[in-house]
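Notes follow once the structure below has been shown.
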Amino acid sequence: MAGTINKVILIGNLGDEVKIHYFDGGDSIGRFPLATSETYVSKQTGEKITNTDWHNVVVKNKLAEICEKYLVKGDKVYVEGKLKNRQWEQDGIKRYATEIHATELTMLSNKKSAENNPNVSKNSQPTSVISVSHTDENDDLPF
């Protein structure tokens, strides 16, 4: 097989509000933590065990602005993107981070809409899904 694939698909809940930074040229970058969980029953004790993993999601430009406007802590989202690793030095210590750079995001539940519409039950399934995608014009693909 020729080539490689770097693709991540996650469905999870926002662990915090979207933090966005605007640059002079009009570009923007947003970041938020995303929690994914798996639940199983322990064969030894019979108790229900939930393991939660946290992911650092990065969104850029228009996608970042949409996320900042519509997403709040606790919202469920579908995220598609690619893994990126970065490193920096802080106080003489090398730091590392693995991030998901989102290229597509679908809002599966939206607390802001539910709060503004009292007829929508908090436990009901969304009647509409907002989906946005972003293609990076400056990606490093050779084709």
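Summary of computed values
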read-out: Failed condition for K43, given (1) out of contact with any strand residue (DSSP E or B) (no Cβ under 7 Å at 6 or more places or on another chain); (2) surrounded by 10 or more Cβ atoms within 10 Å (Cβ to Cβ); value: (2)
read-out: Residue list for segment 25-39, restricted to those being of a type outside the set (A, V, I, L, M, F, W, C), in a strand (DSSP E or B) and either in contact (Cβ under 8 Å) with a residue 24 or more places away in the chain or surrounded by 10 or more Cβ atoms within 10 Å (Cβ to Cβ) (or both); value: S28, G30, R31, P33, T36, S37
read-out: Among the residues listed as E47, E17, the single one being within 12 Å of the chain's Cα centre (by Cα) and over 21 Å from T103 (Cβ atoms); value: E17
read-out: Any strands (runs of 3 or more DSSP E) falling wholly within segment 46-143 and containing at least 1 residues that are surrounded by 12 or more Cβ atoms within 10 Å (Cβ to Cβ) and modelled with pLDDT of 95 or more; value: 48-60, 76-90, 93-107
read-out: Close pairs from segment 45-59: first in contact (Cβ under 8 Å) with a residue 60 or more places away in the chain, partner surrounded by 10 or more Cβ atoms within 10 Å (Cβ to Cβ) and in a loop (DSSP other than H, G, I, E, B), Cβ under 8 Å, at least 6 apart; value: V59/V18; V59/H134
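The values are calculated or read from the model by the stated rules, or taken from the named source; none is laboratory data. Note that the coordinates shown come from a computational prediction; the quantities given were computed from them, not determined experimentally. We place every Cβ from the backbone using ideal geometry, glycine too, and count neighbours over all the protein chains shown.
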